1. So, in the range 151-162, how many residues would count as being buried (at least 21 other Cβ atoms within 10 Å of the Cβ) and either touching an Asp or Glu at 6+ places or on another chain (Cβ under 8 Å) or among the β-branched types (Val, Ile, Thr) (or both)?
2. What residue, among those in the range 48-103 that are of a type in the set (A, V, I, L, M, F, W, C), farther than 13 Å from Asn150 by Cβ and assigned to a strand (DSSP E or B), is modelled with the lowest pLDDT?
3. Report, by residue number, each residue of the range 104-121 that is among the hydroxyl-bearing types (Ser, Thr, Tyr) and part of a loop (DSSP other than H, G, I, E, B).
4. Checking the condition touching a helix residue (DSSP H, G or I) at 6+ places or on another chain (Cβ under 6 Å), more than 15 Å from Gly59 (Cβ to Cβ) and touching a residue at least 24 places away in the same chain (Cβ under 8 Å), which residue from Glu125, Glu161 passes?
5. Let me spell it out: the conditions are (1) surrounded by fewer than 18 Cβ atoms within 10 Å (Cβ to Cβ); (2) among the hydrophobic types (A, V, I, L, M, F, W, C); (3) out of contact with any Asp or Glu (no Cβ under 9 Å at 6 or more places or on another chain), and Cys108 meets all of them except one. Which number is the exception?
6. Of the conditions (1) surrounded by fewer than 18 Cβ atoms within 10 Å (Cβ to Cβ); (2) at positive phi; (3) within 12 Å of the chain's Cα centre (by Cα), Lys44 fails just one. Which one is it?
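The values are calculated or read from the model by the stated rules, or taken from the named source; none is laboratory data. Every value quoted in this text rests on a predicted model; they were computed, and no experiment measured them. Reconstructed Cβ throughout: ideal geometry from the backbone, glycine too, with neighbour counts over all protein chains shown.
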Amino acid sequence: MRDVYRTFQELSQCERAGIDYEIECVIRRKDIVVLAIHGGTMEKGTLELAKKVGEALHGTYYGFKCLKTEDPFELHVTSTNYDEEIARSLVYQSNVTISFHGAYSDECATYVGGRDQALARAVREELEPAFAINETPAHLKGVSPDNIVNDNERHQGLQLELTTPQYEQLQESEQRCQEFVQAVVEAVKRTM
C-alpha cells in the first residue's frame with residue numbers, strides 16, 4: 001500500500017486535527033522517548049503499549065492517534081518521512097528512542113529492528129522465551145538513518161513491530177501485557 005501523504009506536513013494540510021487525528025504527548029524524562037506514530041484506528045494497540053512503556057520508564061511518550069474509522073491507513077506516513085515537528089524535536093533531544101508499530105501476520109510474534117543493536121539484543125533476551133521473536137522482514141527492519149526512531153542524539157533507536165495476534169494477546173491479558181512492558185523496561189535499564 002502506498003501512502004496517500006508523503007509527509008506529516010502534507011497530511012496536516014488536508015486532514016483535520018481533533019477530528020481525523022490527534023497528537024498525544026506526555027513529557028517526562030527527555031532522554032527517553034517512546035513513540036507510536038501510527039496509533040489509534042490505524043495500528044491498534046500501539047498507543048496503549050507506548051504509553052505503558054513510556055510511563056514505566058518515566059520517559060516521554062508521543063503518539064499520533066488516527067481517529068478515522070473508514071480507511072484509517074490513508075493517514076499512514078512512513079517512519080522515514082514522519083516530520084511532525086513535536087515528534088522530531090523530542091526524538092532529536094533523546095538518547096533512547098523506542099517506536100511501536102503494528103505488523104500483519106497470522107503468527108503471534110514481535111519483530112525487533114532499528115539501529116540500536118545493543119538495545120535490540122537486550123530486548124530479544126528479555127522477551128524470549130515468554131514471547132516469540134521472529135526474523136524481521138527487510139521492510140520492517142527500521143534501519144534507515146531517516147527513520148524517526150534513529151534521529152536521536154546517538155543516531156540509533158529501537159523499532160518494535162508487533163503482529164496483530166501479539167497485540168490481541170496483550171490486550172486480552174493484563175498480566176501478559178505487564179510482562180511485555182517489564183521486559184522492554186529491563187532491556188532499556190541494562191543498556192543505559
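1. 3
2. Ala103
3. Once the filter is applied, which keeps residues that are among the hydroxyl-bearing types (Ser, Thr, Tyr) and part of a loop (DSSP other than H, G, I, E, B), the range 104-121 yields Tyr104, Ser105.
4. Just one listed residue meets the conditions, Glu161.
5. Exception for Cys108: condition (3).
6. (2)
Listed here are the residues, each with its yes/no results for (1) free of Cβ contacts under 8 Å to residues at least 60 places away in the same chain; (2) farther than 19 Å from Gly142 by Cα.
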residue: Glu24; (1), (2): yes, yes
residue: Asp31; (1), (2): no, yes
residue: Thr41; (1), (2): yes, yes
residue: Leu47; (1), (2): yes, no
residue: Tyr62; (1), (2): yes, no
